[in-house]
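K.L.:
Below is the structure I would like to discuss, written out as structure tokens.
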Amino acid sequence: MEPEYAFTAEELARIAEIRRRYPTARAALMPVLWMAQEKFGWLSREVIELVAQTLSLNPAEVYGVATFYTMYHTQACGRYVLDLCTCLSCQVLGAEDLLRHLEERLGVRDGQTTPDGLFTVRHTECLGACGSGPVLMINNRRYVHRLSQERLDQLIEELRQGRMPEFASIPLPERPWEQEASSDS
Amino acid sequence: MPKVYIDDDVFEFEGRPKILEFCLQHGIELPYFCYHPALSIPANCRQCLVEVGQLVLNRETGQPELDAEGKVVVRFFPKLMPSCATEITDGMVVRTHRSSALVRRAQRENLEFILLNHPLDCPICDQAGECPLQELTYKFGPDSSRFEFVKVHKPKRIPLGPRVVLDAERCINCTRCVRFTEEISRSRQLTIIQRGDKNYPFTAPGMSFDDPYSMNTIDICPVGALTSADFRFRARAWEMASTPSICTGCARGCSIYIWTRHNRVERFTPRHNPLVNDYWMCDEGRLSYRRLNENRLDGPHVREFEGLRAASWEESLRRAAHLLRSAPPEQIAVLASASLSLEDLYVIRRLAFEVLGTPHLDFLRHEDPSFEDAFLRLRDRTPNRTGCELVGISPGPDGLPVQQWPQALRDGRLRLVLVFGDDPLGTGAWPVPEAGEWIVASSHWTETASRAQVLLALCTHAEATGCFVNQQGVLQRVRPAKASKGMDRTLVPEMGKSRLDHHATPFDRWWGHEHYFDCRPGWELAQGLMRELGSPVDYTGPEAVFAELAQAIPALRGLSYAAIGLQGVRLDLHPQPVA
Ligand code: SF4
Ligand code: FES
Ligand code: FES
């Protein structure tokens, strides 16, 4: 059956609620795009048009915003989008090797999706968790810290079985300079 | 009055002008890309940066403070300011590249940045020769780039729509095209997609940039990123000559340039005219230039047995006069065309009423409601209907209006039709009549032309001089943009000359004779017939005809070619009687 591109009544009510929070329809665009991506997986042409129509915006404008941010997918992507940080700290800790490992393991190149539609591999800029690198983000939300090749292999297996890794709180290392300062006084 | 100090000059100003606009108006050149006088100001290209400061005034005296050396003290903004977006205030001090090394450096280094990922493919780029990026780089840019790494590559040769092709690598993201679709044509079909060094203008996925005004983005694109699907790779800017003219596609009569090469018309581009079309024209009008090259009638013809054969001007005019003499005046009808100039219409009217003595004079209305829109396009597809009304192209006493002519031809009330520049049989205006004879003056091979006993070759508006009055009552004049056969382009002072005309050796100039047609303007043909019919008239040229028109028609009183100029004049079409 053809997928239906429409928002349900509840979703429309939520959009109306979002819309009320902003002075212009344009300003409400990002949360609504987010909602649409959660629902449809990625922002296809039909979804862009649906969002534009729902907010009375122009499709070109919606597309411009969607392509500006890497966390919106304007291309079909796998069920799990793995964004591996290759920015400075993670790189120093071996992220480039991990990326190659991931590519070999899944048989795809950076930016591609596995034929079974399960995984998309991408490199990304700093995820803001440099202290626990190398870091990877799944589907724009769940972080996996302190990666190694073994941890990656294990992660892939878990995801294949449909198990999302648990949220892990990584405590910041102690701050020696603060300690020194307090012990001085 | 408030004052502004720009480099070493003092200017008085009124209102709240922006620095860039003010400088350009006062002949001070500043480089810019994203600014366009008809669009909003995003200040994104940073090419127009200047130093801006304010005189320090003494609080007590209100006089400028002086430093130890007796010079005025200026408090400058900590950073350079974009002149396009900065309003002038009283006592402002502006330093451009003429007086500031800092500004010169900013201009140079900004260009280096803009060119960082630019492909530098000017030798194969359509924009070369009329490219602000190329010109400003010569004037203000660095002599070379220090960037030795692989450039960012982007899509090339992408049809954005049916008429506009994108080369994203050449784009400098000034957003002029996006702003055009948002603010002028309002189709909102374009946006900038992606981010950082990957961005370029594009449509929403699956959508086509088919805006009926899309090709204006090609003109305002300051680089070669947007090019014309039609004109791509056809001619270099310096090989062509451009002549100010108008578009005859509808009753708006947009001001344009006609570009020719080897005497062939290659393109139309809009010409700024605040009275008519501002900076714009519609795509359909722009592409109507093709008509000036195709299917053209070359030289006069006469009917012999069943066919038409080429004849000399003398023979064909004599044959036409003979036919006209042998029919009783009330059986002759004269059809003028609302695509002819005032000058043509005026002499044709004299021919009909004064020499032939027929009352049947009229013109056809060509209306197309589907063509009209809320911007420039008008349903009246003829450029000079107002002119026809002004000159008086309408039936005299007892004259039949044109709608009744087909019937009158059938029942024998009319026998001979003299057609100037229209095609009543081919445009579906009339059913093809079985009876009647035709003398036709036409610029193209048409259905009507093929029925003629005598066929006279008429100039198009690109080969003639004459005036047109648009629906808003703006009178504009056209000049010959291409030569007809036997005419030496270089001797016609008003004809546009190419850079090759001016600077190249004779061997590098235009060649070929295919695009010269043996044709004459309507007023000259009408005058030729009048002479053959024994009424010698002798206008020395269109200007002499216009001088007479200016006497005869109140709305034109006092006008001359010099007064009309390049922009034209708005006529008072309904003068109020003096109370
Ligand atoms: S609006 Fe009319 S006159 Fe202007 S370019 Fe289009 S067809 Fe020509
Ligand atoms: S460098 Fe990888 S999270 Fe910051
Ligand atoms: S003209 Fe582009 S910033 Fe001023």
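The values are calculated or read from the model by the stated rules, or taken from the named source; none is laboratory data. Everything numeric here is computed off the predicted structure, so don't read it as measured data. All Cβ positions, even for glycine, are placed from backbone atoms using ideal geometry, and neighbour counts span all protein chains on display. The protein model used for the area step is the full one, side chains on, heavy atoms only, and it has no ligands, DNA or RNA in it. Shrake-Rupley method; radii C 1.70, N 1.55, O 1.52, S 1.80 Å.
K.L.:
Is it the case that the stretch B:223-241 has a residue that's closer than 25 Å to residue B:383 by Cα and surrounded by fewer than 19 Cβ atoms within 10 Å (Cβ to Cβ)?
P.N.:
no
K.L.:
For the stretch B:354-408: of the residues being of a type in the set (A, V, I, L, M) and free of Cβ contacts under 8 Å to residues at least 40 places away in the same chain, which is farthest from ligand 2 (Cβ to nearest atom)?
P.N.:
B:361
K.L.:
Can you name the condition, by its number, that residue B:228 falls short on among (1) of a type in the set (Gly, Ala, Ser); (2) touching a residue at least 40 places away in the same chain (Cβ under 8 Å); (3) at the interface with chain A (Cβ under 8 Å from one of its Cβ atoms)?
P.N.:
Here residue B:228 clears every test but (3).
K.L.:
Output yes when any residue across the stretch B:296-306 is at pLDDT 95 or above and more than 34 Å from the chain's Cα centre (by Cα), and no when none is.
P.N.:
Yes, the stretch B:296-306 contains a residue that is at pLDDT 95 or above and more than 34 Å from the chain's Cα centre (by Cα).
K.L.:
Okay, next question. Mind counting the residues in the stretch B:153-185 that are within 13 Å of chain A (Cβ to nearest Cβ) and free of Cβ contacts under 8 Å to residues at least 40 places away in the same chain?
P.N.:
Residues flagged as within 13 Å of chain A (Cβ to nearest Cβ) and free of Cβ contacts under 8 Å to residues at least 40 places away in the same chain within the stretch B:153-185 amount to 3.
K.L.:
Next question, about the same structure. Those residues that are among the β-branched types (Val, Ile, Thr) and either more than 9 Å from ligand 3 (Cβ to nearest atom) or in a strand (DSSP E or B) (or both), I need them from the stretch B:33-59; list them, please.
P.N.:
Matches in the stretch B:33-59: B:50, B:52, B:56.
K.L.:
Just one of A:75, A:91, A:37 is surrounded by fewer than 19 Cβ atoms within 10 Å (Cβ to Cβ), in a helix (DSSP H, G or I) and either within 14 Å of another protein chain (Cβ to nearest Cβ) or not aliphatic (A, V, I, L, M) (or both); which is it?
P.N.:
A:91
K.L.:
Does residue A:153 count as open to solvent by less than 60 Å² (accessible area, probe 1.4 Å) and either of a type outside the set (Phe, Trp, Tyr) or within 16 Å of ligand 1 (Cβ to nearest atom) (or both)?
P.N.:
Yes; evaluated as a whole, the condition is true for this residue.
K.L.:
If you scan the stretch B:335-367, which residues turn out to be open to solvent by less than 10 Å² (accessible area, probe 1.4 Å) and of a type in the set (Val, Ile, Thr)?
P.N.:
The answer is B:347, B:348, B:358.
K.L.:
Is there any pair linking a residue in the stretch A:86-115 that is over 25 Å from residue A:41 (Cα atoms) to one that is among the β-branched types (Val, Ile, Thr) and modelled with pLDDT of 95 or more, with Cβ under 7 Å and at least six apart or on different chains, and which?
P.N.:
A:90/A:135; A:95/A:86; A:96/A:86
K.L.:
Next up: Based on this model, can you work out whether residue A:80 counts as more than 16 Å from ligand 1 (Cβ to nearest atom), touching a Ser or Thr at 6+ places or on another chain (Cβ under 9 Å) and away from every other protein chain (no Cβ under 14 Å)?
P.N.:
Here the answer is yes, as residue A:80 does meet what is asked.
K.L.:
When you check residue B:137 against the structure, is it at pLDDT 95 or above, part of a loop (DSSP other than H, G, I, E, B) and over 18 Å from residue B:43 (Cα atoms), yes or no?
P.N.:
no
K.L.:
Please indicate, with yes or no, whether at least one residue in the stretch A:42-51 is within 14 Å of another protein chain (Cβ to nearest Cβ) and under 30 Å from residue A:132 (Cβ atoms).
P.N.:
Yes; the residues of the stretch A:42-51 include at least one that is within 14 Å of another protein chain (Cβ to nearest Cβ) and under 30 Å from residue A:132 (Cβ atoms).
K.L.:
Restricting to the stretch B:93-121, give me the number of residues that are in a helix (DSSP H, G or I), touching a residue at least 24 places away in the same chain (Cβ under 8 Å) and open to solvent by 40 Å² or more (accessible area, probe 1.4 Å).
P.N.:
The number of residues fulfilling the criteria is 4.
K.L.:
So, in the stretch B:188-243, exactly how many residues are acidic (Asp, Glu) and more than 28 Å from residue A:44 (Cα to Cα)?
P.N.:
3
K.L.:
Counting only residues that are open to solvent by less than 10 Å² (accessible area, probe 1.4 Å) and in a helix (DSSP H, G or I), which one in the stretch B:206-219 is nearest to the other protein chains (Cβ to nearest Cβ)?
P.N.:
B:217
K.L.:
Ok, one more. If you take the residues in the stretch A:119-147 that are in contact (Cβ under 8 Å) with a residue 24 or more places away in the chain and among the small types (Gly, Ala, Ser), which one is farthest from ligand 3 (Cβ to nearest atom)?
P.N.:
Among residues in the stretch A:119-147 that are in contact (Cβ under 8 Å) with a residue 24 or more places away in the chain and among the small types (Gly, Ala, Ser), the one farthest from ligand 3 (Cβ to nearest atom) is A:132.
K.L.:
Quick one: would you say residue B:155 is open to solvent by 70 Å² or more (accessible area, probe 1.4 Å) and away from ligand 2 (no atom under 16 Å from the Cβ)?
P.N.:
No: the conditions fail for residue B:155.
K.L.:
Right, next: Checking the condition open to solvent by 40 Å² or more (accessible area, probe 1.4 Å), in a helix (DSSP H, G or I), acidic (Asp, Glu) and on the phi < 0 side of the Ramachandran plot, which residue from A:61, A:49, A:103 passes?
P.N.:
A:49
K.L.:
Of everything in the stretch B:276-323, what is surrounded by 19 or more Cβ atoms within 10 Å (Cβ to Cβ), part of a helix (DSSP H, G or I) and hydroxyl-bearing (Ser, Thr, Tyr)? Give them in sequence order.
P.N.:
Scanning the stretch B:276-323 gives B:289, B:316.
K.L.:
For the stretch B:138-151, how many residues are surrounded by 12 or more Cβ atoms within 10 Å (Cβ to Cβ) and more than 35 Å from the chain's Cα centre (by Cα)?
P.N.:
4
K.L.:
For the stretch B:67-78, indicate whether the set of residues that are loosely packed, with under 14 Cβ neighbours inside 10 Å, modelled with pLDDT of 95 or more and part of a loop (DSSP other than H, G, I, E, B) is non-empty.
P.N.:
Within the stretch B:67-78, one or more residues are loosely packed, with under 14 Cβ neighbours inside 10 Å, modelled with pLDDT of 95 or more and part of a loop (DSSP other than H, G, I, E, B).
K.L.:
Which count do you get for residues in the stretch B:186-205 that are within 11 Å of another protein chain (Cβ to nearest Cβ) and more than 21 Å from residue A:49 (Cβ to Cβ)?
P.N.:
5
K.L.:
Can you tell me which residue is least open to solvent (accessible area, probe 1.4 Å) among those in the stretch A:106-119 that are within 18 Å of the chain's Cα centre (by Cα) and on the phi > 0 side of the Ramachandran plot?
P.N.:
Within the stretch A:106-119, the match that is least open to solvent (accessible area, probe 1.4 Å) is A:117.
K.L.:
Do we find that residue A:124 is more than 14 Å from chain B (Cβ to nearest Cβ) and more than 16 Å from ligand 1 (Cβ to nearest atom) in this structure?
P.N.:
Criteria not met by residue A:124.
Let's see how each residue does on (1) part of a strand (DSSP E or B); (2) within 15 Å of ligand 1 (Cβ to nearest atom):
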| site | (1), (2) |
| --- | --- |
| B:223 | no, no |
| B:232 | no, no |
| B:243 | yes, no |
| B:250 | no, yes |
| B:258 | yes, yes |
